[in-house]
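Beneath this line is the structure, given in structure tokens, with notes to follow.
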Amino acid sequence: MSEKEDLAKQKAEAAAKAKAVALARKKAKEEAAENPEGEMDIAKQKAAAAAKAKAAALVKKQAKAEAAEKPEGEMDIAKQKAAAAAKAKAAALAKKQAKEETAENPEGEIDLAKQKAAAAAKAKAAALARKQAKAEAAEKPEGEIDIAKQKAAAAAKAKAAALAKKQAKAETVEKPESEMNIAKQKAAAAAKAKAAALARKQAKEVAAENPEGDMDAVKQKAAAAAKAKAAAAAKAKAAAAAKNRTAVQESEEVDTPSEISPNQSKLDQIVSAIESHVGQGALLENYINRLSKDVPTLVANPDTYFSIAKFLRYDEQLDFSYLSELHGTDFESHMEIYVHLHSFKMNQSVALKVKLDRDTPVIPSLVPLWSGANWPECEAYDLLGINFYEHPDLKRILLGEDWKGYPLRKDYEPYDVEV
């Protein structure tokens, strides 16, 4: 259709509209002359309603005519223009009616009329919004609506992420390294807050969709999943730590020196004395601990642990009279007691170790030999559950007697998991 034809149509529509308005005014004047004052308001209302209905019919007719002439691509634009024109026309008509009512009504009734008009406009807008939502829902099946929502959310999320990356790059170019850490912390905090908001939003949506009875089940499942995740993380961390400890232990115990240690002769002297007085199988192993100032280290058999300690304490040549340290360690595969002794006569230290069964860690107490072993053995009993028999007063010194479990064991779980 050419521009001239469009202009001619618009002029014809304007002329028809003006004619209809003039006819309505003429009828209104004739009715005003014939009817008394009491019937004037009813006549005005009827005339206004008739004019409004006629205008709506004319708009519909024009929309149908344009729909028949225009292709589908132009229909949406035409609908938007028609809706905008109808909205503007309705607003102008409302203003006109308000002015007429203002001239006729006293001041007390003007506010009431305004409130009614505002309420009617609000109701009309809400009805139009619901109508559009229903029309969109009728065009798309329920499955596609959810997919469309998900796609829109994903697109918005991707767009936000891209924008954040772009801003981060720009800030990286502009900011020095000291400010970068602050920027990273702020970005991390913002991301965390965004994730928390998203989680709350999803929780609200789940709460809206699920009945009240299902909500407890959902919460329980979420709590169970979080608990399982935390337990898995703890196990992985414990496994990694055990692996590292094993590697360190092996590196400590393997003696592959490039040069002979200055303490090697003293270690040989001590080992020879033990084997001649206690027995050939008394020691399982002996080596120089390169990672601990070349300390001579003796690994005793559990059956000969106390006999070796007694010999080191009371032998006149050795005379290890001072116990400086005693502690226990859980290596998951076994328990271990480490005793550090010092001889002032030899001006030499030595480490005595013994490996215990993890399920039943029992070993003789060294308190009869060194009184300084009293509290360290109580501590090992308190935190690891190692039992030192013939100890004069073995008890818990850090935790209460009613405490459940031993906190330094690698498989320790609190009695009250929620705490």
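Long-range amide H contacts for Arg358: which residues qualify at under 5 Å (H placed 1.01 Å from N, peptide plane, sequence gap of 5 or more or a different chain)?
Under 5 Å from the amide H of Arg358: Met335.
Please give the length that would be gained between Glu401 and Glu30 if that part of the chain were fully extended, namely 0.36 nm times their separation in residues minus their C-alpha to C-alpha distance (nm, one decimal).
123.0 nm
From the phi angles alone, apply the Karplus equation (6.51, -1.76, 1.60; θ = phi - 60°) to region 274-286 and give each ³J(HN,Hα) in whole Hz, x where the residue is Gly or Pro.
Once rounded to whole Hz, the list reads 5, 5, 6, 9, 9, x, 5, x, 5, 9, 7, 6, 8.
Over the C-alpha atoms of region 326-419, what are the Rg and the largest Cα-to-Cα span, Dmax, in Å?
14.6, 55
Sort Asp411, Asp402 by accessible area with a 1.4 Å probe, largest first.
Ranked from most to least accessible, the order is Asp402, Asp411.
Can you sort Trp403, Trp375, Trp370 by solvent-accessible area, 1.4 Å probe, largest first?
Most to least solvent-accessible, the answer reads Trp375, Trp403, Trp370.
Tell me the label-point distance for the pair Leu58, Met346, using the 7 Å Cα-to-Cβ offset, in nm and rounded to one decimal.
A separation of 11.9 nm, rounded to one decimal place.
Quick check on my link table: of Lys229/Lys395; Lys81/Lys165; Lys131/Lys165; Lys243/Lys293; Lys266/Lys395, which ones sit more than 29 Å apart, alpha carbon to alpha carbon?
Lys229/Lys395; Lys81/Lys165; Lys131/Lys165; Lys266/Lys395
Which ³J(HN,Hα) values, rounded to whole Hz and listed in residue order, are derived for region 309-325 from phi using the Karplus coefficients 6.51, -1.76 and 1.60 in 6.51 cos²θ - 1.76 cosθ + 1.60 with θ = phi - 60°, glycine and proline given as x?
Result, rounded to whole Hz: 4, 5, 5, 4, 6, 10, 5, 5, 6, 8, 6, 7, 8, 10, 9, 8, 7.
The values are calculated or read from the model by the stated rules, or taken from the named source; none is laboratory data. Fair warning: this is a prediction, and the values are worked out from it, not measured in the lab. Note that each Cβ is placed from the backbone with ideal geometry, even for glycine, and that neighbours are counted across all protein chains shown. For accessibility, only protein heavy atoms count, side chains too; no ligands or nucleic acids. Shrake-Rupley method; radii C 1.70, N 1.55, O 1.52, S 1.80 Å.
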